[in-house]
Every structure is written in C-alpha cells, then in structure tokens.
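So that we are looking at the same thing, I have put the structure below in structure tokens.
The values are calculated or read from the model by the stated rules, or taken from the named source; none is laboratory data. Since we're looking at a predicted model, the values are computed, not measured. In this analysis, Cβ positions are derived from the backbone assuming ideal geometry, glycine residues included, and neighbour counts consider all displayed protein chains.
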Amino acid sequence: MIICIGAGPGDVAYLTMRGAELIRNADVVAGFNAVVDVVQSLIPESAEVVLMGYRDQVEKLDIVAAAHHAGKRCVVVFMGDIHFSGFQYLERVERACGHAVETLPGISSAQILASRAKVCFDETTFITFHRRGDLEPFKRHLVHVLNDGRNAIVIPCPWDAARSFMPRHIAAYLLQQGVAPDHPTEVWENLTRSEAEWHGTLADCADQEFSDMSIMLIRTRAPMASQIEPTHKEGAWQPG
Ligand SMILES: C[S@@+](CC[C@H](N)C(=O)[O-])C[C@H]1O[C@@H](n2cnc3c(N)ncnc32)[C@H](O)[C@@H]1O
C-alpha cells in the first residue's frame, strides 16, 4: 500500500485527521526533509523514515517503491496540498511504483493565503513557477489572468540564479508585458509559522527581496461587484 498525503503547509495542526491516522499506522514515511519534519511527532518509532532532497529524490523513491511492492504501508508526505505545485513529485512517485497511486489532499499555502488576505477562489487563478520545464506558458497565462480582471495567487521559483523567478522577477516581467503597475500586490512568508506579510503595488514589488518560503497575491484592479441581493437595512455591514 502506498499513499501520497498533503501536510502542512508549515504547521502540523493543518494536517487532516485522515492524514494523521495514515502516518500513525505507516511502516514507511517518506518525503523531503522539511516536510517530514512537520509530521515528525506523528511518526511511530517502528516506522522507517526515508528522507530525500532534490538531488536524490529519484533513488530514494525507488527505495520507497520497493518497500511498497514488498507489502509495507508507505506514506509519502507532500508540502501543503499535492494538487497545487506537487504533481511533478507525484509523477516521480508513480514512475517509481510503476502505477498510479492514491492521494489525500492537504491544506495548501494558497488556501491559507486566501484566508489571510480574504480572496475568493471563484475570482482567482493559481499559478506556480516552482516546477521543472518550460515556464513560458505559465508566464503568459499569468498576464492573461490579470488582463481578464482576476486575482492571481502565485508560487515563485526559488532555485538557482539562472532559473529563479521570485516575486521581484515576476513583477518586473509583468511590468515589461504592459501589466498596470498599480495592481495591489501582497507577499506572505512562512504561513502558519513565523508569518510575515508585505503589501504594496506591483511596481513596488519589483525591488523587494523575499525568502524561498513565500507566496504572492496579485489582486485585480477592478474587483467584481457583489452579486448577492441588495440589502435594505440602513448601515448594513459591507465587505472592505
Ligand atoms: C513545491 S511548492 C509546494 C506548494 C504546496 N503544494 C502547497 O500547496 O502549498 C513549494 C513552495 O510553496 C510555497 N509555500 C509552501 N508553504 C508555504 C508557507 N507556509 N508559506 C508561504 N509559502 C509557502 C513556497 O513558495 C514554497 O517554495
């Protein structure tokens, strides 16, 4: 048995009860060091822990797949939700196993951000640059999203200098593409842990530095008007 589960993002308190149960009953718990760290308190002493990083993930996942094929209960933990910026790792797990594997969703950093910054998913698009391969289609999509009057929640790419596409690079790229400089922009760091938040405009963001553990919100300049029924109550509360 093998299952991929979302954990965090950051604090174990955001793990689902089902996720916690699977970890408590696992023979093998695997994942990137920082993510396994989040669930450490739930891992039984009897479990084998397989830690990995970017460089050795393929070899380490082969060890996990072998344990799975030998009948061990294996759990691979992912940061936040698997379904946002987690599919390339999932693909590696499935390639190692030779078949599709079950997933259990977690709470994404995008969900925590949406909750902190009060943005509605219906009016927001999610884009990650934290992935291997050609980023150009995702960059173009981000321009379309903003030109279409939607908010964008964006995971930057913190890798080496050649590939790094952090909030300041994203802002500079968008300005270069003719996106308006006054889009309200926020960057949140270390959500659910030692949180920090930055608010400004897209233009302001072009010279700001943020840590790897950051997520960006670029708001539409023209938020959708409320489409619920008008209120007749005098002084009724209105959203900000
Ligand atoms: C490979 S992506 C995985 C995202 C994850 N699947 C999710 O749903 O949050 C990793 C990136 O997500 C962002 N991230 C994850 N957890 C975060 C947190 N607690 N606070 C801010 N950003 C976070 C950071 O940009 C980090 O480098």
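Select, from Arg193, Arg168, Arg163, the only residue that is at pLDDT below 95 and within 16 Å of the ligand (Cβ to nearest atom). Outline the logic, then answer.
On the way: Arg193 fails: at pLDDT below 95; Arg168 fails: at pLDDT below 95.
Just one listed residue meets the conditions, Arg163.
Collect the residues in segment 205-240 that are of a type in the set (Asp, Glu) and either under 26 Å from Ser85 (Cα atoms) or touching a helix residue (DSSP H, G or I) at 6+ places or on another chain (Cβ under 6 Å) (or both), keeping them in residue-number order.
If the condition is that a residue be of a type in the set (Asp, Glu) and either under 26 Å from Ser85 (Cα atoms) or touching a helix residue (DSSP H, G or I) at 6+ places or on another chain (Cβ under 6 Å) (or both), then Asp207, Glu209, Asp212 are the ones that fit.
Any idea which of Ser108, Ser41, Ser46 is within 15 Å of the ligand (Cβ to nearest atom) and either among the polar types (S, T, N, Q) or outside the structural domain of Thr125 (by TED's automatic domain parsing) (or both)? Write out each step before concluding.
Values: Ser41 fails: within 15 Å of the ligand (Cβ to nearest atom); Ser46 fails: within 15 Å of the ligand (Cβ to nearest atom).
Result of the check over Ser108, Ser41, Ser46: Ser108.
Looking at Gly19, Gly31, Gly6 in this structure, which one is within 16 Å of the ligand (Cβ to nearest atom), assigned to a helix (DSSP H, G or I) and modelled with pLDDT of 95 or more?
Just one listed residue meets the conditions, Gly19.
Name the single residue that is nearest to the ligand (Cβ to nearest atom) among those in segment 111-130 being more than 17 Å from Tyr14 (Cα to Cα) and among the β-branched types (Val, Ile, Thr).
Here the answer is Thr128.
Looking at segment 78-87, is at least one residue over 18 Å from the mean Cα position of the chain (by Cα) and in contact (Cβ under 8 Å) with a residue 24 or more places away in the chain?
no
Filter segment 1-19 for residues that are surrounded by fewer than 18 Cβ atoms within 10 Å (Cβ to Cβ) and in contact with a strand residue (DSSP E or B) (Cβ under 9 Å, 6 or more places away or on another chain) and give the result.
Across segment 1-19, the qualifying residues are Met1, Thr16, Arg18.
Now for a separate question. On the basis of being within 13 Å of the ligand (Cβ to nearest atom) and either of a type in the set (Gly, Ala, Ser) or more than 19 Å from Ser108 (Cα to Cα) (or both), does Gly71 make the cut? First the steps, then the outcome.
Numbers: within 13 Å of the ligand (Cβ to nearest atom): no; either of a type in the set (Gly, Ala, Ser) or more than 19 Å from Ser108 (Cα to Cα) (or both): yes.
Judged against the criteria, Gly71 is not a match.
Look at segment 92-105 and say how many of its residues are farther than 23 Å from Val12 by Cα and within 13 Å of the ligand (Cβ to nearest atom).
Qualifying residue count for the region: 1.
Whether any residue in segment 176-188 is within 16 Å of the ligand (Cβ to nearest atom), at pLDDT 95 or above and over 26 Å from Met224 (Cα atoms) is what I want to check.
No, every residue in segment 176-188 fails to be within 16 Å of the ligand (Cβ to nearest atom), at pLDDT 95 or above and over 26 Å from Met224 (Cα atoms).
In addition: Spot the failing condition for Val145; the list is (1) more than 16 Å from the ligand (Cβ to nearest atom); (2) among the β-branched types (Val, Ile, Thr); (3) over 14 Å from Thr220 (Cα atoms), and only one is missed.
(3)
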